[in-house]
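Let me begin by presenting the structure, written as structure tokens, before commenting on it.
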Amino acid sequence: MTFYFAYLIFIVLVSLILKKKGLFLNYSGDNHQSFSNVGNIPLSGGIFLIFPIIYLYSNDLILVTFLSTIFLLGFFSDRKILVSPQKRFLFQVISILLFVIIADLKILTSRIELIDIMLSNQVFAYLFSTFCLLILINGSNFIDGLNGLLISYSLIVIYTLGNLELITDQIISNQNFYLILWLMLLVLFLNIFNILMIGDGGAYLLGFLLGFVIITSHENNPNISPYFYISIIWYPCFENLFSILRKLNKKFSPLNPDNKHLHQLVFFFVKEKINLSTILSNNLSSAILIFFNFSIIYISSLNPSSTMYQVKLIFCSIIFYITGYFMLNKFYKLNFNFKK
């Protein structure tokens, strides 16, 4: 416990110094950034996550190498060194495909005969795993627009898998499991109080780590329905896919950011209806979405082996998402146009 208290003080002091020196600050004036936070907060959360995680996985050189690579892609994005979303995506594809091949990371079954036949082909299996990781990583980055939303979601997923004993020592040792949870809680606490943000680097890192944990857990637990794993990460994945379709429909590049994600519409609704300060509206909106997703993950954990149960849950979650999205978007358009 002494270590965590010391590390907490260290993170706070470094974040305050970074803010005072004007280093690694988040706000560059982009429209999507000003939606829910106009303060200049250090994008240091990912830095404080990556080094302890590298230490905890120091005996797995392959994983450490690619965790670091994915983090650096996000870090360079935060630093405006790698500005082009097209180049970032290309580097993501290359890095993740290499990792999947070297680590032999494969989704073994979908419990759909035709897809399982395709998954038996090694090339298709590698490409499919790469696709899934890309969706999760970028979906994680998409939902990281409110304080604590992504890191809380990641905490719930990892805790749920650990509680169901679906994380073996091969994935995370028992001791490291609790170390990672406490580390994420520290960063979550500081994120909620606007002391730091995790940035693209932290979002890519968490998405990649979650993907690795989930696919490896799937490989080690064939009795668990693959749709259970979809249920517990459906939100960032569906947010990504829905965003791509939404932007293509509007003839807008799927790789460019906007302010029409679900969490941003929830924030606008809360801000307009309750009239709280920006940071309180931010945190309350995040809490609403976390509660919603915690409920889904908890329900999914009640029967993780049943495919039909999980498919019904995923279907209900998507219907609820789409209904809520269009209602909130209608509210946004009416109020935004009125203000204009």
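The values are calculated or read from the model by the stated rules, or taken from the named source; none is laboratory data. Note that the structure is a prediction, hence the values are computed from the model and not measured. Virtual Cβ from ideal backbone geometry, glycine too; neighbours counted across all protein chains shown.
Descriptive notes on the structure:
- Here Leu43, Leu13 are screened, and the one residue that is surrounded by fewer than 18 Cβ atoms within 10 Å (Cβ to Cβ) and either modelled with pLDDT of 90 or more or within 25 Å of Ile195 (Cα to Cα) (or both) is Leu13.
- Tabulated pairs, region 6-21, first within 16 Å of Asn40 (Cβ to Cβ) and touching a residue at least 24 places away in the same chain (Cβ under 8 Å), second in a helix (DSSP H, G or I) and of a type in the set (Gly, Ala, Ser), C-beta under 8 angstrom, 6+ apart or interchain: none
- Condition check for Val100: in contact (Cβ under 8 Å) with a residue 12 or more places away in the chain and either surrounded by 15 or more Cβ atoms within 10 Å (Cβ to Cβ) or not charged (D, E, K, R) (or both): yes
- Checked against (1) within 17 Å of the chain's Cα centre (by Cα); (2) touching a residue at least 40 places away in the same chain (Cβ under 8 Å), Tyr229 passes all but condition (2).
- Yes/no for Leu190 being among the aliphatic types (A, V, I, L, M) and either in a helix (DSSP H, G or I) or loosely packed, with under 15 Cβ neighbours inside 10 Å (or both): yes
- Top-ranked residue in region 129-146 [being under 27 Å from Leu265 (Cα atoms) and not hydrophobic (A, V, I, L, M, F, W, C); ranked as farthest from the chain's Cα centre (by Cα)]: Gly145
- All positions within region 136-175 that are in a helix (DSSP H, G or I), of a type in the set (S, T, N, Q) and at pLDDT 90 or above: Asn138, Ser140, Asn141, Ser152, Ser154, Thr160, Asn163
Per-residue answers, yes or no, for (1) over 18 Å from the mean Cα position of the chain (by Cα); (2) aliphatic (A, V, I, L, M); (3) crowded, with 23+ Cβ neighbours inside 10 Å; (4) within 19 Å of Ser15 (Cα to Cα):
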site	(1), (2), (3), (4)
Leu161	no, yes, yes, no
Leu164	yes, yes, no, no
Ile167	yes, yes, yes, no
Asn176	yes, no, no, no
Gly207	no, no, yes, no
Thr216	no, no, no, no
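- Flag for Tyr178 being assigned to a helix (DSSP H, G or I), in contact (Cβ under 8 Å) with a residue 12 or more places away in the chain and of a type outside the set (A, V, I, L, M): no
- Residue check, Leu63 closer than 11 Å to Leu209 by Cβ, modelled with pLDDT under 90 and surrounded by 16 or more Cβ atoms within 10 Å (Cβ to Cβ): no
- Selection count where residues are free of Cβ contacts under 8 Å to residues at least 12 places away in the same chain and farther than 23 Å from Ser300 by Cα, scope region 161-173: 2
- Tally of residues being out of contact with any helix residue (DSSP H, G or I) (no Cβ under 8 Å at 6 or more places or on another chain) and either part of a helix (DSSP H, G or I) or more than 15 Å from Ile167 (Cα to Cα) (or both) across region 204-248: 8
- Test: residue in region 306-319 that is in contact with a Leu (Cβ under 7 Å, 6 or more places away or on another chain) and touching a residue at least 12 places away in the same chain (Cβ under 8 Å): no
- Note on region 105-131: among residues that are in contact (Cβ under 8 Å) with a residue 24 or more places away in the chain and not in a loop (DSSP other than H, G, I, E, B), the one that is surrounded by the most Cβ atoms within 10 Å (Cβ to Cβ) is Ser129.
- Gly139 small (Gly, Ala, Ser), surrounded by 15 or more Cβ atoms within 10 Å (Cβ to Cβ), closer than 18 Å to Ser44 by Cα and in contact (Cβ under 8 Å) with a residue 40 or more places away in the chain: no
- Residue within region 110-128 that is within 28 Å of Ser285 (Cβ to Cβ), at pLDDT 90 or above, more than 12 Å from the chain's Cα centre (by Cα) and not β-branched (Val, Ile, Thr) present: no
- Residue check for Ile319: among the aliphatic types (A, V, I, L, M) and surrounded by 11 or more Cβ atoms within 10 Å (Cβ to Cβ): no
- Residue selected from region 254-286 under the condition under 27 Å from Ile232 (Cβ atoms), hydrophobic (A, V, I, L, M, F, W, C) and touching a residue at least 60 places away in the same chain (Cβ under 8 Å), by the criterion surrounded by the fewest Cβ atoms within 10 Å (Cβ to Cβ): Leu255
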